[in-house]
Amino acid sequence: MGELIVWAYDWVPEGPRGFVRDLRLRWACEEAGLDYDVRTIPFDGRETNHLARQPFGQIPFLNDGDLEIFESGAGLLHLARKSERLMPRDPAGEAETLQWTIAALNSVEMVTVPWWFLRMGGDTDNKLNGWVGQRLGHLERVLGEREWLAAGRFTVADLLMADVLRVPDVRAYGDRPATEAYVARITDRPAFRKAQSDQIRLFEAADGKRTEAN
Ligand SMILES: N[C@@H](CCC(=O)N[C@@H](CS)C(=O)NCC(=O)O)C(=O)O
């Protein structure tokens, strides 16, 4: 293992800025105090220009020296194994962190992503409303009873769950005060704010280059 490199797009339109998933890996590195570099692949041609590194043509992916990892969740868990700040080392704390990390991906984001995708296309009264409401309702109950998802302190599970929940459509859906307080608290962390502003700055700098090129 060696140099950590987070791979991102070199540019995206304004809408997704601050939400593109390389932010998850940047944020985790910031929380853990791990040195990392960000490198980019061209947004134009993204469907096919990096299939050797990410078989679905997506970002992010991560290098750790010679190790290459795609999927933001896999990248986060890899980083969590490098730093106790992201995941406790005791078996119970680690198991709780793992289960909530997978829950963020496979029980919450698995429903919220297709849901907001339908809404983006104007289908606000879509068939996933009930399913999303149910998942978020269960989470509201959990978050009403505890400050952190796992191990009684901040872990990579909170990073990922907050990132899934902070999507504006999700955040605005229903009245869920405990969830809103959780998202606000976690996205107020300096590591999040730095990762987000670094991402936005990269895309803003790329705006200038694209204008010059056209
Ligand atoms: N499950 C993947 C999803 C990655 C993903 O959706 N990435 C978006 C950017 S946030 C992307 O590359 N979209 C372009 C596409 O899907 O073609 C992960 O978590 O890494």
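Bear in mind these aren't lab numbers, they're just calculated from the coordinates by the rules spelled out. Just so you know, these numbers come straight off a predicted model, no measurement behind them. Please note: Cβ atoms are built from the backbone with ideal geometry, for glycine as well, and neighbour counts cover all protein chains shown.
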The extension gain from Phe19 to Leu118, computed as 0.36 nm times the residue separation minus the Cα-Cα distance, is 33.9 nm
Could you work out the relative contact order of the chain? I mean the mean sequence separation of Cα pairs under 8 Å and 6+ apart, divided by the number of residues, in percent.
25
The size of the Cβ-based charge dipole (Lys, Arg +1; Asp, Glu -1) of region 91-189 about the Cα centre, to the nearest 20 debye, is 40
Under DSSP H, which helices of the chain have Cα atoms covering 27 Å or more of the helix axis and a Kyte-Doolittle average no less than -0.5?
none
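Report the relative contact order of region 64-162, percent, no decimals, based on alpha-carbon pairs under 8 angstrom and at least 6 residues apart. Kindly include the intermediate steps, with their values, before the conclusion.
Numbers: 79 pairs, mean separation 36.9, N = 99.
Value for region 64-162: 37 percent.
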In whole angstrom, and with the biggest value first, how far do the Cα coordinates of the chain range along each principal axis?
51, 45, 30
One-quarter of the Cα convex hull surface for region 91-189, in nm²?
5.9
Can you pull out the GluC sites (Glu not before Pro) in region 12-63 whose DSSP state is coil and whose Cβ has at most 13 other Cβ atoms within 10 Å?
Glu14, Glu47
